[in-house]
Amino acid sequence: MHDGLHPALLDAARAAYRPGGRIPYYFVRGKLAGDPLYRQLLQRGLFPPHADILDLGCGKALLASWLLAAEKLYACGIWPPSWPAPPCVRRYRGIERMARDVDRAHAAFSAGDARVDIVRGDIAQAEFGAADTIMLLDVLHYLDYTAQENVLQKVRAALPPGGRLLARVGDAGAGLPHRLSTAVDRAIARVRGHR
């Protein structure tokens, strides 16, 4: 990553979570620093220039914080010249099932950006409305097949022509890395009170 961008981006993205306490604050930094997906979303220019984003299973809304931080740094001239401009977020809506994550997202954005709206809900049942970009990151494997089909049909209905679905799912054919990732997911789900 461009000299100085990665630390500045991490610091700007996690700043919103400081009022929520040390655990969310450091979790956000660890997740954003350790998961290459976030960097790749920006480096590859995967969002439209003015994005209306629906993030399904948004967790603590890390993506919102990451994108808003990128916007600020770009406006200040701290951006790699070889990268496309980050999106200007028109609206970021997140749907998350876990109340604690929704509460942490609300705490992070309550005094912040009015473009961010996080609601508690089950993506298999919630109304999606319309968005030009829908995020479905590491979520589908938590749903049974029927619910997966339902969510994907709703995604298709919510996207306009030329809209984007950005999804990440585990590769069951990856062998040991997939098994380890699945084991970690299950352990975290149990600790958080889910089957």
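The values are calculated or read from the model by the stated rules, or taken from the named source; none is laboratory data. All figures in this text were calculated on a predicted structure; none of them were measured in a lab. Here Cβ is always computed from backbone atoms with ideal geometry, including for glycine, and neighbour counts include all displayed protein chains. Heavy atoms of the whole protein, side chains included, go into the accessibility calculation; ligands, DNA and RNA do not. Shrake-Rupley method; radii C 1.70, N 1.55, O 1.52, S 1.80 Å.
Among the residues of the range 70-122, count how many are of a type in the set (S, T, N, Q) and closer than 18 Å to VAL28 by Cα.
So the first thing to find is which residues in the range 70-122 are of a type in the set (S, T, N, Q), and the list is 82, 110.
Restricting the remaining residues to those that are closer than 18 Å to VAL28 by Cα gives 110.
Residues in the range 70-122 being of a type in the set (S, T, N, Q) and closer than 18 Å to VAL28 by Cα: 1 in total.
Filter the range 79-103 down to the residues that are open to solvent by less than 20 Å² (accessible area, probe 1.4 Å) and closer than 19 Å to GLY129 by Cβ and list them by number.
Our first condition is that a residue be open to solvent by less than 20 Å² (accessible area, probe 1.4 Å); within the range 79-103, this holds for 80, 86-87, 89, 92, 94-96, 101-102.
Result: PRO87, VAL89, TYR92, GLY94, ILE95, GLU96, VAL102.
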task: Would you check if ILE134 is closer than 23 Å to GLY34 by Cβ, at pLDDT 90 or above and open to solvent by less than 30 Å² (accessible area, probe 1.4 Å)?
output: no
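Of all residues in the range 109-118, which are within 14 Å of the chain's Cα centre (by Cα) and open to solvent by less than 70 Å² (accessible area, probe 1.4 Å)?
Looking only at the range 109-118, we keep the residues that are within 14 Å of the chain's Cα centre (by Cα), and these are 116-118.
VAL116, ILE118 - these are the residues of the range 109-118 that are within 14 Å of the chain's Cα centre (by Cα) and open to solvent by less than 70 Å² (accessible area, probe 1.4 Å).
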- prompt: Got a sec? Which of GLY57, GLY77, GLY45, GLY94 is without any contact (Cβ under 8 Å) to a residue 12 or more places away in the chain and of a type outside the set (A, V, I, L, M)?
  reply: GLY77
- prompt: Taking the range 1-50 as the region of interest, how many residues are modelled with pLDDT under 85, under 19 Å from VAL116 (Cβ atoms) and open to solvent by 60 Å² or more (accessible area, probe 1.4 Å)?
  reply: 1
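Looking only at the range 137-195, which residues are among the small types (Gly, Ala, Ser), surrounded by 11 or more Cβ atoms within 10 Å (Cβ to Cβ), modelled with pLDDT under 90 and farther than 26 Å from GLY45 by Cβ? Show your work before the answer.
Quick first cut of the range 137-195, residues among the small types (Gly, Ala, Ser) only: 147, 157-158, 162-163, 167, 170, 172-175, 181, 183, 187, 189, 193.
Retained after the next criterion (residues that are surrounded by 11 or more Cβ atoms within 10 Å (Cβ to Cβ)): 147, 158, 163, 167, 170, 174, 181, 189.
If we keep only those that are modelled with pLDDT under 90 too, we end up with 170, 174, 181, 189.
If the condition is that a residue be among the small types (Gly, Ala, Ser), surrounded by 11 or more Cβ atoms within 10 Å (Cβ to Cβ), modelled with pLDDT under 90 and farther than 26 Å from GLY45 by Cβ, then ALA174, SER181, ALA189 are the ones that fit.
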message: Cβ contacts < 6 Å: first residue polar (S, T, N, Q), restricted to the range 123-138; second residue surrounded by 20 or more Cβ atoms within 10 Å (Cβ to Cβ) and part of a loop (DSSP other than H, G, I, E, B), any location; separation 6+ or different chain. Result?
response: THR133/PHE47
query: How many residues does the range 64-76 contain that are open to solvent by 60 Å² or more (accessible area, probe 1.4 Å) and either aliphatic (A, V, I, L, M) or not in a helix (DSSP H, G or I) (or both)?
result: 2
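Could you please find all residues in the range 139-176 being of a type in the set (Phe, Trp, Tyr) and in contact (Cβ under 8 Å) with a residue 12 or more places away in the chain? Write out each step before concluding.
So the first thing to find is which residues in the range 139-176 are of a type in the set (Phe, Trp, Tyr), and the list is 142, 145.
Result: TYR142, single match.
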